[in-house]
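Step one of this worksheet: look at the structure below.
The values are calculated or read from the model by the stated rules, or taken from the named source; none is laboratory data. Computed from a predicted model, the values in this text were never measured in an experiment. Here the Cβ positions follow ideal geometry from the backbone for every residue, glycine too, while neighbour counts run over all protein chains shown. Heavy atoms of the whole protein, side chains included, go into the accessibility calculation; ligands, DNA and RNA do not. Shrake-Rupley method; radii C 1.70, N 1.55, O 1.52, S 1.80 Å.
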Amino acid sequence: MLPMTVTMQRRELLRRRVRLLVAATIAYNVVEAVVAITAGTIASSTALIGFGLDSVIEVSSAAAVAWQFAGRDPEARERTALRIIAVSFYALAAYVTVESVRALAGGAEAGHSTVGLALAALSLAVMPGLSYAQRRAGRELGSRSAVADSKQTLLCTYLSGVLLVGLGLNSLFGWSWADPVAALVIAAVAVREGREAWRGDTCCSVPASADDGCGPDCDCC
């Protein structure tokens, strides 16, 4: 009976850890969204606005996981949480694609944004740690939604790099096309992640103690 007691205690610890990481993700992304959308509007930057909207999507994704783990039986709510995360990805991709095509077709050119460059660099430093911690806890717990949300956070890391390159090229060389092209990369990645979340292809779907050996260090995603 002792191993079972330890297992249940461990699961409860992991659930608390996921809740704390989700809360931290929500707090950071609320600030990130406000700053990015404001700076993007001022600079007419589709990529920066798209990055801010991705932060909004991340908040909704994290909120879905928070809702899931607030219940007595998180597993029962997992499919709904995954669908919310998937729809959030698709909504982001649709908006960014439309705005990027409009910009490339002759819309307003994006201007330099010091705030945007600083924000992208900061997110590039912060997001990998949050993503890794949540993905590790989610894998050990066997929660597909927690892993999916961690991939949403990891996506923010990639988008931060893409945004930094796009804004940098525009600022240094006046390549205004780099901004909407960077935004289209954001949209493409969002579609892929949304499809995987909808299907539930988010690595481990069983606890680390299962016979298939899928645990916190598995490399299935």
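A few points about this structure:
- The number of residues in segment 131-145 that are under 15 Å from the mean Cα position of the chain (by Cα), closer than 14 Å to Ala64 by Cα and of a type in the set (Ser, Thr, Tyr) comes to 1.
- When each of Glu58, Glu12 is tested for being over 30 Å from Pro180 (Cβ atoms) and of a type in the set (Asp, Glu), the lone residue that passes is Glu12.
- Members of segment 26-36 that are touching a helix residue (DSSP H, G or I) at 6+ places or on another chain (Cβ under 7 Å) and surrounded by fewer than 17 Cβ atoms within 10 Å (Cβ to Cβ): Val30
- First in segment 113-131 and without any contact (Cβ under 8 Å) to a residue 60 or more places away in the chain and farther than 15 Å from Ala39 by Cα, second anywhere and assigned to a helix (DSSP H, G or I) and open to solvent by 50 Å² or more (accessible area, probe 1.4 Å), Cβ under 8 Å, 6 or more apart: Leu124/Leu164
Residue-wise test of (1) in a helix (DSSP H, G or I); (2) of a type outside the set (Ser, Thr, Tyr); (3) open to solvent by less than 20 Å² (accessible area, probe 1.4 Å).
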position	(1), (2), (3)
Thr38	yes, no, no
Leu48	yes, yes, yes
Phe51	yes, yes, yes
Glu58	yes, yes, yes
Ala64	yes, yes, yes
Trp67	yes, yes, no
Arg72	no, yes, no
Ala91	yes, yes, no
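One line per residue, one yes/no per condition, for (1) aliphatic (A, V, I, L, M); (2) crowded, with 16+ Cβ neighbours inside 10 Å; (3) at pLDDT below 50:
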residue	(1), (2), (3)
Thr153	no, yes, no
Leu159	yes, yes, no
Asn170	no, yes, no
Trp175	no, no, no
Ala182	yes, yes, no
Ala188	yes, no, no
Ala197	yes, yes, no
Cys204	no, yes, yes
Pro216	no, no, yes
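- So Leu163, is it closer than 25 Å to Ser44 by Cα and either modelled with pLDDT of 85 or more or in a loop (DSSP other than H, G, I, E, B) (or both): no
- Of all residue pairs spaced 6 or more apart or on separate chains, those with beta-carbon atoms under 7 Å, a first member in segment 139-168 that is within 18 Å of Thr80 (Cα to Cα) and a second member that is of a type in the set (Lys, Arg) and crowded, with 23+ Cβ neighbours inside 10 Å are Val147/Arg135; Val147/Arg139; Ser150/Arg135.
- Thr80, sole failed condition from (1) farther than 19 Å from Ala188 by Cα; (2) among the β-branched types (Val, Ile, Thr); (3) touching a helix residue (DSSP H, G or I) at 6+ places or on another chain (Cβ under 6 Å): (3)
- Residue in segment 102-112 that is at positive phi and either surrounded by fewer than 24 Cβ atoms within 10 Å (Cβ to Cβ) or touching a strand residue (DSSP E or B) at 6+ places or on another chain (Cβ under 8 Å) (or both) present: yes
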